[in-house]
Each structure stands twice: as structure tokens, then as C-alpha cells.
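The values are calculated or read from the model by the stated rules, or taken from the named source; none is laboratory data. If you're wondering where the values come from, they're calculated on a predicted model, not measured in any experiment. No Cβ is skipped: glycine too gets one built from the backbone with ideal geometry, and neighbour counts run over all protein chains shown. Calculation scope for accessible area: heavy atoms of the full protein, side chains included, ligands and nucleic acids excluded. Shrake-Rupley method; radii C 1.70, N 1.55, O 1.52, S 1.80 Å.
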Amino acid sequence: MLALPPTKKSSPDLIEKTIFSMGLMTEYEIWEFLRGSPNETLVLDNIGLPDSVWRSENDSTKFLYYFVDKIQDYNIIEINSFSNKVTGFEWD
């Protein structure tokens, strides 16, 4: 079974300030960053721990959900479970 990244709830001791949480990344910069297919570690380092994580039925994709308080909406990042790179995202 493939490991899922920790979440804010499961590992509050791992929550750190990121350039996203400090408001130093615009939505456009986030979109450009994710469009470059970064690996999971870079996503966690730059955006932070997700609020929740899901795995596809066949374990091929990890779905990282981020709740953005200022727009009261969830955004999602899809990461290939085998390459650990971003394969899709929806970020408002």
C-alpha cells in the first residue's frame, strides 16, 4: 500500500509556515507552480499540509484537498502515486 502524506489534522506538529500560508504566493503563481508538475515534497513544502487526502480506488492517484478560508472553497491537487508528481489540479 502506498503512503499518503500527513494532513493538518493527523499531524498538527508538522504544520509549518509556507510561502502559501504567509500569503506570498498569488493564485496565478500557485497555478504556474502546479502546472510545472512538481513532486509531492515540493507541493507540501510550498503549499503546506493538506486538510484531507484521498486515494483513488486503484491507488494510482492521491488527491490532496486544501480548504482556502478567504474564498470558502476546497481546492484539489492530484498526484500520481508512483511518480509522486502533480498530474492535475483545480485551484481557484
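Points to keep in mind about this one:
- Only Cα pairs under 8 Å and 6+ residues apart enter the sum, and on that basis the relative contact order of the chain stands at 27 percent.
- Of Leu64, Leu34, Leu24, the one that fluctuates the most in a GNM where the chain has Cα springs shorter than 10 Å: Leu24
- For the chain, modelled as a GNM whose springs connect Cα atoms under 10 angstrom apart, the maximal fluctuation among Pro12, Pro38, Pro50 occurs at Pro12.
- Dividing the summed helix terms, -39500 (n - 2.57) for each DSSP H run of n ≥ 4, by the number of residues in the chain produces a 222 nm estimate of -5000 deg cm²/dmol to the nearest 500.
- Shown for the chain: the carbon plus sulfur share of the solvent-accessible area, taken with all protein chains present and a 1.4 angstrom probe, equals 53%.
- Of the residues Glu27, Glu90, the one with the largest accessible area comes first in the ranking Glu90, Glu27, computed with a 1.4 Å probe on protein heavy atoms.
- Residue order by solvent-accessible surface for Thr18, Thr41 is Thr41, Thr18, largest first, with ligands and nucleic acids left out and a 1.4 Å probe.
- Length released on extending from Ala3 to Trp31, taking residue separation times 0.36 nm less the Cα-Cα span: 7.6 nm
- Accessible surface calculations at 1.4 Å, restricted to protein heavy atoms, place the chain at 63 Å² per residue.
- Rounded, prolate or oblate (a/c below 1.5 giving rounded, otherwise prolate when a/b exceeds b/c) for the stretch 1-65 by Cα gyration tensor: oblate
- In this simple spin-label model, placing a label point 7 Å from the Cα along the Cα-to-Cβ direction at both Ile19 and Thr87 gives a separation of 2.6 nm.
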